[in-house]
1. Scan region 327-358 residue by residue and report those that are assigned to a loop (DSSP other than H, G, I, E, B), over 27 Å from R214 (Cβ atoms) and of a type outside the set (D, E).
2. If I go through region 357-380 residue by residue, how many of them are of a type in the set (K, R) and in contact with a helix residue (DSSP H, G or I) (Cβ under 8 Å, 6 or more places away or on another chain)?
3. I'm checking my understanding of the structure. Among residues of region 116-150 that are surrounded by fewer than 18 Cβ atoms within 10 Å (Cβ to Cβ) and among the charged types (D, E, K, R), which one is modelled with the lowest pLDDT?
4. How about region 78-93: which of its residues are over 15 Å from G42 (Cα atoms) and in contact (Cβ under 8 Å) with a residue 24 or more places away in the chain?
5. Keeping to region 71-81, report how many residues are over 17 Å from the mean Cα position of the chain (by Cα) and buried (at least 19 other Cβ atoms within 10 Å of the Cβ).
6. If the Cβ limit is 6 Å and pairs must be 6+ apart or interchain, which residue in region 208-223 that is in contact (Cβ under 8 Å) with a residue 24 or more places away in the chain and under 30 Å from V349 (Cβ atoms) pairs with which residue that is open to solvent by 20 Å² or more (accessible area, probe 1.4 Å) and part of a loop (DSSP other than H, G, I, E, B)?
7. Scanning for something touching a residue at least 12 places away in the same chain (Cβ under 8 Å), at positive phi and open to solvent by 10 Å² or more (accessible area, probe 1.4 Å), does region 94-114 turn up at least one residue?
8. Against the condition open to solvent by less than 30 Å² (accessible area, probe 1.4 Å), over 22 Å from W351 (Cβ atoms) and modelled with pLDDT of 95 or more, how does N234 come out, does it pass?
Amino acid sequence: TQSTGCKRYTMSANVLSTQGPSPEMVEENGAPYEPHVILITGAAGFIASHVCIRLVKKYPDVMVINYDKLDKVASLKNLESIDRMRNYKFVKGDIRSADLLNHVVKENNVDTIMHFAAESHVDNSFGNSFIFTETNIIGTHTLMEVAKVNKEQIRRFIHVSTDEVYGEQDFKDPACQEHFVLEPTNPYAASKAGAELIAKSYMRSFGIPLIITRGNNVYGPHQFPEKMIPKFINQLQRDWPITLHGGGWTHRNMLYVEDVAAAFETVLFKGSLGKVYNIGGEEANEISVRGVAEKLIGIMKPGEDTDKHMVTTADRAFNDTRYHIDSSGLHALGWKAEVGFEEGLMRTVDWYLSDKGNNWGDVTAVLAAHTGGALITERK
């Protein structure tokens, strides 16, 4: 076994794609899946709000239930465009509340679960990481128990994971395929890997009709400003310098959120039970964090010296060099990213600078370079 990132592939961690689904989970005729009632966890948050809006608007005969505890990163304002539609419903609840989840699933005859709710900010996981275990692992375990109890009516469970479970890749490493061993390098990624293993065990032991997705970095409207791109936009909007961890030399592959919502729509209707699907952007969308900062400065401070709008801060405890994944499995279902990074960035800046660009109130505290750190309001 080799020792760097996605080179660790002499053993397979993808039980789903290497062995196939349990016999009782095989769908008939290969026809597109037809959901009737979908429960989406975390749908007042970032990615899931876009998925929720897309499904409610495109499929009026499908009931979509938004199950969200409304923590600081969530807002029902994200869903104002659908909140009066007859096929949308909101339930406030925690994914660790088994009784409430069981009631919602039974009462509404839920046949499909799309599990997005998670603690997802890596920087936070270097501090109080226990909440990541509680939400991402215990929360997923709770949902799996609810799915087991209601196995006769649950026909599809989409578990949303992350590319970070593969661990760090170097520039000479191959793109991670879904069967590669999981090698998480931070507490957040470890909690998501643990959640995957629990989900897989419930598929094997109890026949839960599972699909797992692992996605690249996502950006766009509705993203809470503790994350990179909205944080940088908010910093520039206040004439503060953009704060770059370790100089901003790590690379990320960036996907616009509408493309990602389309990917989940594809997986929902066309994905095969027992499969893992990577959701990744083209190499043209891979860029360094410093490169992202420079593009935003070019948009928001045109013609100005980029260096005067950036400051280097201490790096994270560990900062993966890059994440490079192979999405050919999803491409085979007909999905591909449509929005280029330049266009997506312009759309995102426009939204955050509009009168709808803050759905959370005062976000000043989360604009510090690191969670709980001091605000940097001028370049020194």
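The values are calculated or read from the model by the stated rules, or taken from the named source; none is laboratory data. The shown structure was predicted, so the numbers you read here are calculated from the model rather than taken from an experiment. Heads up, the Cβs are rebuilt from the backbone with ideal geometry, glycines too, and the neighbour counts pull from every protein chain shown. Quick note on the areas: whole protein, heavy atoms, side chains included, nothing else; ligands and nucleic acids left out. Shrake-Rupley method; radii C 1.70, N 1.55, O 1.52, S 1.80 Å.
1. Quick first cut of region 327-358, residues assigned to a loop (DSSP other than H, G, I, E, B) only: 327, 332-340, 354-358.
From the residues that got through so far, the ones that are over 27 Å from R214 (Cβ atoms) too are 354-358.
Result: S354, K356, G357, N358.
2. 1
3. Taking the candidates together, the pick is E134.
4. S81, I82, M85, R86, N87
5. Adding up the residues that qualify gives 1.
6. H222/F46; Q223/F46
7. yes
8. On the way: open to solvent by less than 30 Å² (accessible area, probe 1.4 Å): yes; over 22 Å from W351 (Cβ atoms): no; modelled with pLDDT of 95 or more: yes.
When the stated conditions are applied, N234 does not pass them.
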